[in-house]
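Engineer: I have a structure I would like to understand better, so I am pasting it below and will then ask my questions one at a time.
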Amino acid sequence: MFHPSGEHPVQVLGLDHVVLRVTDIDASIAWYEQVLACKLERRLARLGLYQLRVGDALIDLVPVNSQAGRAGGGAPGKTKRNMDHLAVRLASFDAEKILAHLRNHGIEPGEVQRRYGACGHGPSIYITDPDGNTIELKGPPDPDQTETSEQAEYP
């Protein structure tokens, strides 16, 4: 599609994070720490979100019986969904241009919100692909990285 500015409004730099639904959070954290040398970076236990650093990205673990995990249905298995969503890191985040671009492609995006990702807190928006997979478009980090969630812990 032609863009008047000559620049595509969505410039993906790479993966920001992947969110996996798990049945045993302690075993999963141990596995990712021991097998892949990930480090638990942040947790919101009441919500059910455990964020592990893997290089310059994150692997988020969500227990299936937690507030966040129940949205994905039953426990993961051969016929059930394991991934909650994947996030791609964007070079810039002009919300107005991105929203217009998505709507021009028949995509009704979620609302722009400040969320935590591999580079810290910054703007993001959720969209859904044709197969129902959730994709998060994650903008660059905000200049102010002040934590706003009272639930967040940094071990």
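Laboratory data are not the source of any read-out in this text; all were calculated from the coordinates shown. This structure is a prediction, so every number in the text was calculated from the model and none was measured. Note that we place each Cβ from the backbone using ideal geometry, even for glycine, and neighbour counts take in every protein chain shown.
Engineer: For the range 12-138, give me the percentage of DSSP beta bridges that are antiparallel, rounded to the nearest 5 percent.
Structural biologist: 70
Engineer: Per-residue counts of other Cβ atoms within 10 Å, averaged by peptide: what ranking do you get for 56-62, 18-24, highest first?
Structural biologist: Most protected by this proxy first, the peptides run 56-62, 18-24.
Engineer: Can I ask one more? With +1 on the Cβ of every Lys and Arg and -1 on the Cβ of every Asp and Glu, and nothing else charged, how large is the dipole of the chain about its Cα centre, in debye rounded to the nearest 20?
Structural biologist: 420
Engineer: Roughly how tilted is helix 25-36, in degrees to the nearest 10 and between 0 and 90, from the longest Cα axis of the chain?
Structural biologist: Its long axis makes an angle of about 70 degrees.
Engineer: Output the 0 to 90 degree angle, nearest 10, between the alpha-carbon long axis of helix 95-104 and the longest principal axis computed from the alpha carbons of the chain.
Structural biologist: Helix 95-104 sits roughly 80 degrees off the main axis of the chain.
Engineer: Which value at 222 nm does the chain reach when only helices count, each DSSP H run of 4 or more adding -39,500 (n - 2.57), with the total divided by all residues and rounded to the nearest 500 deg cm²/dmol?
Structural biologist: -4500 deg cm²/dmol
Engineer: A further question on this structure: Could you check the spin-label model distance between Ala91 and Arg114? Points 7 Å from the Cα along Cα→Cβ, value in nm.
Structural biologist: Output for this residue pair reads 2.6 nm.
Engineer: Can I ask one more? Go ahead and run the numbers for FRET between Asp56 and Gln151, Cβ-Cβ distance against an R0 of 25 Å, rounding to 0.05.
Structural biologist: 0.50
Engineer: Using alpha carbons only, how many angstrom separate the centre of the range 89-155 from the centre of the range 1-73?
Structural biologist: A separation of 13 Å, based on Cα centres.
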